[in-house]
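Written below as structure tokens is the structure these notes are about.
The values are calculated or read from the model by the stated rules, or taken from the named source; none is laboratory data. Only a predicted model underlies this, so the values are computations on that prediction, with no experimental measurement involved. Please note: Cβ atoms are built from the backbone with ideal geometry, for glycine as well, and neighbour counts cover all protein chains shown.
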Amino acid sequence: MAVIVHEDFQFIVQGITGREALNFTRECLEYGSKIIGGVTPGKGGREVYGVPVYDTVREITDTQRVDGTVITVPLAFAPDAAYEAIDAGIKEIIIITEGIPRKDASAVVEYAALHGARVIGPNCLGIIVPDVCRFGSLGGPAVDCRKAFKPGVVGVMSRSGGMTTEICNALTLSGLGVSTAISIGGDPVIGSTYADLIPLFEADKDTKAVVVYSEPGGTAEAELARWTQEHKSRLPIVAFVAGRFMDEMPGMSFGHAGTVVNKKVDSPADKMRRMREAGISVAEEIGDIPNLVRERIGN
Amino acid sequence: MRFYEFEAKQLLEKHGIPLVQSELVKTADEAKTAASKIGGPVILKAQVIAPGLTTASVQEVADPAGAKAAAATLLGLDDGGRKPNGILVEARPTGEAVYSLSFTYDGTTKLPVIAAANMAGKIDDLGDTHPERIVRRHFSALYPFSDYIAKELAKSLVLGGNDLKRMTRIVSGLARLFLKYDLADLDITSMVKLGEGRFAVLDVEADLEIEARHRQRPMLDDLGFAKDDLRQVREPTKFELEGARIDAEDPRGIISPIAEFDGNIGLVIGAGGGSLTLTDAVRKHGGRPANYAAIGGNPSVDKARRLTKLVLSKPGVDKIAVMSNVVSNTRADLVARGVIKGITELGFEPKDKILIFRVPGAWEADAAKILQKYGVEYCDRTVSISEAARRAVEKVS
Amino acid sequence: MAMFIRVDVDKSVIEKTPGLADKLVEVCPVNIFKVGSKPSSVEIVEDNVDECTLCDLCMQASPKGVRVVKLYE
Ligand code: SF4
């Protein structure tokens, strides 16, 4: 089993001819993902690494099943690309593009919800189910990706793309491995929060524990804490909160766009307290995560 | 990006939101004149950005002489290295009733939301003290704002008759300008209902979505916002301005936010989350970071080169730690090229200047070869972030 | 001068194949090739060479005409 993607998952890349998209398209193909097309307006008819490029999304959805799309178009075109994908009937949408104002992110997510589509991101890297499917730019080149992500029992959700790989690497080195890893995005408004996604892990029989990486800013941790308490989750959760130094610097923003600390519920200290109260183990150091997971699953 | 209150009020006024009588002044004498024009007791608000000045920046005075004295004190405030940008002198009517309104984005529903209460204050604080007095209504950033949403909110504040109609107009107007100007937060912390039934806004706090600053340029120009003014809580240092410039000049990848601290370990670190984790880790092991940086995306070699030179040229920094989480799209080899190029251009040997190079992940084999050629040890992914930070701190002391 | 990468171009190969010069300019994501003064020729933009992402697209476009060399190997 796997979360969101599966063995047969086929997707497209919007903005496929950009510098970053070229990189990860090649990486995904080498990893074994099924990328059946790419879209860049004005570049229809070309090919990158054997993947045909089209001008519009519908040219692909008209003739083939498209399970998902990865959007990496420049900022100004990102919402439009998302609307195009949603209107073409695509249900799983990863938005990698950074710097989308929250008004636009909110509008895209609302539109997606009205059409039964799910948005991961913006400002995320996507999803990996080790050895099954890689959907997005998480993990880097296929060789590195295979080193960091080995199949296993821990689900990972992270507001930071880079830390998703870091944590999965540590879980892999420790022998626990990863069931599904999702980089959810670091912006204040994202399509899928921890609380939106945790039920998917709850239903995934491969997942025995979940690790979440969090940062200052936002209320997602409080929401996750509430969910686990209300639903008596079967899954032990281990969390790590980065950016504690920011507690000493009110109003400053570091890291992702969502990290400004201005509300009480936002501060790393508050987040840790809330999560501990909900029975979530909070790691003091990033390196403690694998051992905490082991303790919690009794292994 | 925080607006000064007088700027926020200009936006509100332009959109027909009723405001209390108010005047922006630059000197103590002007404050006195403004106070006598308004008559009676007035309130003086120093126009500041830095947090923690909420109490210090506001004074209520009984008369024009008091206004002059208070203004002199307020103008001397330290606003994170800046002077206050003038003083708002305002009437302070006491009405029959007082309200607060707050517009923001709700990360849980991913929708914009209005919260209101029939008392003054910041909704966030009222949420702790008087949760039962807060009413909320979500709206949409996808569809145009419809007045009935404001009406329903007014109704839940138990308003009726003309009060309901007036409140509906104000809330609709605010919601539309909240969306139109890409505000991230808009807090009307105090709005009174005056004797004659009119409403007037007293206190406003507003924040612009920083990512929308380019498309909101016309509005910002109207308000006289300088192009490079990011309204940081403190004035950016030369180091920070230079970092921002390097970042802006090359769109390939990012190296920001970049901030200056007073330590001695130069940090060439990434990415968003990795930088937060690494900065915590360096401090936990007793190190003093000289700066913050956040290499993200896939910066060009040139950008990494310039960042390296910037950090290494900072007074008090002799060596740099180049560290990151396991990278996916940032390329370890391109970072290695940039760092080595930067150090070499400054006339140093890479091995004398790099405390540690821990950037595992994408293209790590190439990065290792590059470093080997220049005699720098490469730490692979088996060296944890905590361990890398510990080694860097150990080497510097 | 580039410290890490060298791009070798066999001009005779490029100039013999119509459109190849333009193709090289187009595929390189970091503008290492520019159209030369002679028809169907390319020149190397020395300032950009260290930016090479090793994407191989130039070598795929002309396996005989272009060679990208890592100076650190
Ligand atoms: S390998 Fe790629 S980046 Fe390097 S020169 Fe060739 S096309 Fe340009």
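Does A:Asp55 satisfy the condition of being closer than 18 Å to A:Pro122 by Cα and free of Cβ contacts under 8 Å to residues at least 24 places away in the same chain? For A:Asp55, the condition - closer than 18 Å to A:Pro122 by Cα and free of Cβ contacts under 8 Å to residues at least 24 places away in the same chain - is not met.
Would you check if there is a residue in region B:370-389 being buried (at least 23 other Cβ atoms within 10 Å of the Cβ), in contact with a Cys (Cβ under 7 Å, 6 or more places away or on another chain) and either more than 9 Å from every other protein chain (Cβ to nearest Cβ) or closer than 20 Å to B:Gly273 by Cβ (or both)? Within region B:370-389, one or more residues are buried (at least 23 other Cβ atoms within 10 Å of the Cβ), in contact with a Cys (Cβ under 7 Å, 6 or more places away or on another chain) and either more than 9 Å from every other protein chain (Cβ to nearest Cβ) or closer than 20 Å to B:Gly273 by Cβ (or both). Name every residue in region B:109-126 that is without any contact (Cβ under 8 Å) to a residue 60 or more places away in the chain and crowded, with 19+ Cβ neighbours inside 10 Å, in order of residue number. Scanning region B:109-126 gives B:Lys110, B:Leu111, B:Ala115, B:Ala116, B:Ala117, B:Leu126. B:Glu364 meets each of the listed conditions (1) more than 14 Å from chain A (Cβ to nearest Cβ); (2) modelled with pLDDT under 95 apart from (1).
Of all residue pairs spaced 6 or more apart or on separate chains, those with beta-carbon atoms under 6 Å, a first member in region C:44-73 that is free of Cβ contacts under 8 Å to residues at least 40 places away in the same chain and a second member that is near the ligand (Cβ under 10 Å from one of its atoms) and in a strand (DSSP E or B) are C:Ile44/C:Val7; C:Met59/C:Val66.
The condition (being more than 25 Å from B:Gly224 (Cβ to Cβ) and under 24 Å from the mean Cα position of the chain (by Cα)) is satisfied by just one residue among B:Thr73, B:Thr55: B:Thr55. Could you please find all residues in region C:26-42 being more than 6 Å from the ligand (Cβ to nearest atom) and closer than 24 Å to B:Lys303 by Cα? Scanning region C:26-42 gives C:Glu26, C:Asn31, C:Phe33, C:Lys34. The strands (runs of 3 or more DSSP E) found wholly in region A:115-194 and carrying at least 3 residues that are over 15 Å from the mean Cα position of the chain (by Cα) occupy A:151-158.
From the list C:Asn48, C:Asn31, the one residue that fits, being of a type in the set (S, T, N, Q), surrounded by fewer than 17 Cβ atoms within 10 Å (Cβ to Cβ) and either at pLDDT 90 or above or out of contact with any Lys or Arg (no Cβ under 8 Å at 6 or more places or on another chain) (or both), is C:Asn31. Selection of region B:302-339 for residues being under 28 Å from the mean Cα position of the chain (by Cα), away from every other protein chain (no Cβ under 14 Å) and basic (Lys, Arg) yields B:Lys309, B:Lys314. Evaluated against (1) within 21 Å of B:Ile356 (Cβ to Cβ); (2) more than 10 Å from every other protein chain (Cβ to nearest Cβ), B:Leu241 falls short on exactly one condition, (1).
Yes or no, residue by residue, for (1) touching a strand residue (DSSP E or B) at 6+ places or on another chain (Cβ under 6 Å); (2) charged (D, E, K, R); (3) over 20 Å from B:Val201 (Cα atoms):
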{"position": "B:Leu111", "(1), (2), (3)": "yes, no, yes"}
{"position": "B:Lys155", "(1), (2), (3)": "no, yes, no"}
{"position": "B:Leu159", "(1), (2), (3)": "no, no, no"}
{"position": "B:Thr168", "(1), (2), (3)": "no, no, no"}
{"position": "B:Leu174", "(1), (2), (3)": "no, no, no"}
{"position": "B:Phe178", "(1), (2), (3)": "yes, no, no"}
{"position": "B:Ala184", "(1), (2), (3)": "yes, no, no"}
{"position": "B:Thr189", "(1), (2), (3)": "yes, no, no"}
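Checked against (1) in contact with a strand residue (DSSP E or B) (Cβ under 7 Å, 6 or more places away or on another chain); (2) of a type outside the set (Val, Ile, Thr); (3) buried (at least 24 other Cβ atoms within 10 Å of the Cβ); (4) within 13 Å of chain B (Cβ to nearest Cβ), A:Gly155 meets all criteria but (4). When the test is whether a residue is outside any helix (DSSP H, G or I) and in contact with a Lys or Arg (Cβ under 9 Å, 6 or more places away or on another chain), B:Arg305 does not pass it. Exactly one residue out of B:Leu202, B:Leu208, B:Leu267 is among the aliphatic types (A, V, I, L, M), more than 25 Å from B:Tyr181 (Cβ to Cβ) and either buried (at least 20 other Cβ atoms within 10 Å of the Cβ) or touching a strand residue (DSSP E or B) at 6+ places or on another chain (Cβ under 7 Å) (or both), and it is B:Leu267.
When region A:190-244 is limited to residues that are at the interface with chain B (Cβ under 10 Å from one of its Cβ atoms) and of a type in the set (Phe, Trp, Tyr), the one that is nearest to B:Asp280 (Cα to Cα) turns out to be A:Phe240. Any residue at all in region A:250-264 that is facing chain B (nearest Cβ under 9 Å), at pLDDT 85 or above, outside any helix (DSSP H, G or I) and closer than 26 Å to B:Ala389 by Cβ? The answer is no; no qualifying residue exists. For A:Thr56, the requirement of being on the phi < 0 side of the Ramachandran plot, part of a loop (DSSP other than H, G, I, E, B) and within 14 Å of chain C (Cβ to nearest Cβ) is not met. Among the residues making up region B:74-108, those that are assigned to a loop (DSSP other than H, G, I, E, B), within 14 Å of chain A (Cβ to nearest Cβ) and surrounded by 15 or more Cβ atoms within 10 Å (Cβ to Cβ) are B:Gly80, B:Gly107, B:Thr108.
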